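Following: one structure in structure tokens, then a few remarks.
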Amino acid sequence: MTKKLLAILFVTLFIPLTVNAAPRVVESVVAVVNNNVILESDVNDMLKNIKATTDPKNLPDDATLKHQIIERLIIENLILQQASKSKITVSDEELTETIRNIAKENGMTLDELRGYLSSVGVSYSSYRDKMRTDMMIDHTRMNEVRQRITISDKEVEDLANTIAKQPTNNREINISHILISIPENPTKKQLDDATAKAKDVITRLQKGESFAKLAASYSNDDNALKGGSMGWHKLNELPSIFEERLVRAQKGDIIGPLRSGVGYHILKVDGTRAEAAKTVTVQEVNAKHILIKTNVLVTDEMAKQKLLDIRQSIKDGTTTFESAAKTYSEDPGSADKGGALGWNNPDRYDPAFKKGLAKLKKGEISQPIKSAFGWHLIELIDRRNVDRTDLAQKDQAYRLIFNRKFTEELQVWVQELRGDAYIKIIGEEN
């Protein structure tokens, strides 16, 4: 079984959480989350499937693992409650498209994915339910956390300059992470307990215990049940307190505990790799166009015919493209310039305009092309390749800064969600 198919199965078999779900057969409740409950069957099903898809040596005992599962389900339940408040939904069309893409990534059609799921005893409807839940959680986190992020032009400029001057800052690192969380306003005892737990984990790691097993036992991070694995990241997109300690880190290093507003972080370096500086070349086009808009008096056919007549006049030599543009074009930005659009990246144009432009040879005039703005005649003047490494570096810098701030804010947002909620784990003292 491939890793991708294993991931499909792993995701599939977790019972979907629902907010304000229909009544179910009475079962044991293991936790109360505001007005919702988490059932023992939810925990047991997840326990069963984690054990079926994870190396046993990376898992703690069942009691510890169940506690971690309950913690994960609590956070997911809180996020789904927030999704309900924010009226975040996932349409059937979006869900189907996502599942189709998953099938494609695994070399399958949608029907073949259905067949695979059936072969491992999973109904397609259950798979869709779980995927919808996961997508709602992702959408909600993105929607809520993105609003908390601001990125200044100076931040982007500074990081882009750093990337340009120090290509080694593009170093990538594969890390695993353990978070020992603390509440928003911790008491001295809560701080002391978290500190002691973090130090104990570090000591056990130094004695050779499995990082993955300790993550599954103690981490309050989203990746706890995956052994704490965060995968590959560029240094610049990791939280600042991580980056500072990882700049010179080598494979196998254990780092921490590092204190942040949400708790103590312990890192393990699983690998490093360098990414060579790249030159980014973009093809630009220099073009002219004539735009005829449609309205209640000018139909598509009328606009198209008018452009055909203009095109023929240009071909016959009775007028020029520039003169026709000045006379007939309804684009206020280019008409007075004879339809000249100047040098641009084709991506800035309407998709239909871009597609028509791509088919033209130098000096060729298109047939009438319909876009969202109306009907066009396009003349391609020339193409050129331009070094746009600087723009690519700015784009990369923005994405790295966003990813860093998103990770930091997500942890704080989850901490706040939990702090504002009523949570009762049955059998535990509060």
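The values are calculated or read from the model by the stated rules, or taken from the named source; none is laboratory data. Because the structure is a prediction, the values reported are computed rather than measured. Here the Cβ is made from the backbone with ideal geometry for all residues, glycine too, and neighbour counts use every protein chain on show. Areas reflect the complete protein model, heavy atoms only, side chains present, ligands, DNA and RNA absent. Shrake-Rupley method; radii C 1.70, N 1.55, O 1.52, S 1.80 Å.
H139 meets the conditions (1) more than 21 Å from V412 (Cα to Cα); (2) not in a strand (DSSP E or B) in every case but one. The failed one is (1). All told, E244 falls short of being open to solvent by 30 Å² or more (accessible area, probe 1.4 Å), at negative phi and either outside any helix (DSSP H, G or I) or at pLDDT 95 or above (or both). Only one of Q367, Q393 is at pLDDT below 95 and either under 21 Å from K315 (Cα atoms) or surrounded by 12 or more Cβ atoms within 10 Å (Cβ to Cβ) (or both); which? Sole residue among the options that is at pLDDT below 95 and either under 21 Å from K315 (Cα atoms) or surrounded by 12 or more Cβ atoms within 10 Å (Cβ to Cβ) (or both): Q393. Only residues that are farther than 22 Å from E416 by Cβ and surrounded by 12 or more Cβ atoms within 10 Å (Cβ to Cβ) were counted across the range 68-108, and they come to 14. The selection criterion, being surrounded by fewer than 19 Cβ atoms within 10 Å (Cβ to Cβ), farther than 23 Å from E409 by Cβ, polar (S, T, N, Q) and free of Cβ contacts under 8 Å to residues at least 24 places away in the same chain, holds for T187.
Only residues that are under 29 Å from the mean Cα position of the chain (by Cα), modelled with pLDDT of 85 or more and open to solvent by 50 Å² or more (accessible area, probe 1.4 Å) were counted across the range 1-36, and they come to 1. Name the single residue, out of those in the range 333-363 being acidic (D, E) and open to solvent by 70 Å² or more (accessible area, probe 1.4 Å), that is farthest from R384 (Cα to Cα). Filtering the range 333-363 for residues that are acidic (D, E) and open to solvent by 70 Å² or more (accessible area, probe 1.4 Å), the one farthest from R384 (Cα to Cα) comes out as D336.
Taken together, the residues in the range 247-285 that are surrounded by 15 or more Cβ atoms within 10 Å (Cβ to Cβ), touching a residue at least 40 places away in the same chain (Cβ under 8 Å) and not aromatic (F, W, Y) amount to 17. Could you please let me know if A196 is without any contact (Cβ under 8 Å) to a residue 60 or more places away in the chain, aliphatic (A, V, I, L, M) and out of contact with any Cys (no Cβ under 9 Å at 6 or more places or on another chain)? In short, yes. When N236 is tested against (1) assigned to a loop (DSSP other than H, G, I, E, B); (2) at pLDDT below 90; (3) within 22 Å of the chain's Cα centre (by Cα), exactly one condition is not met: (1). Just to be sure before I move on: is V156 over 21 Å from K394 (Cα atoms) and buried (at least 17 other Cβ atoms within 10 Å of the Cβ) in the structure I sent? So V156 fails the test.
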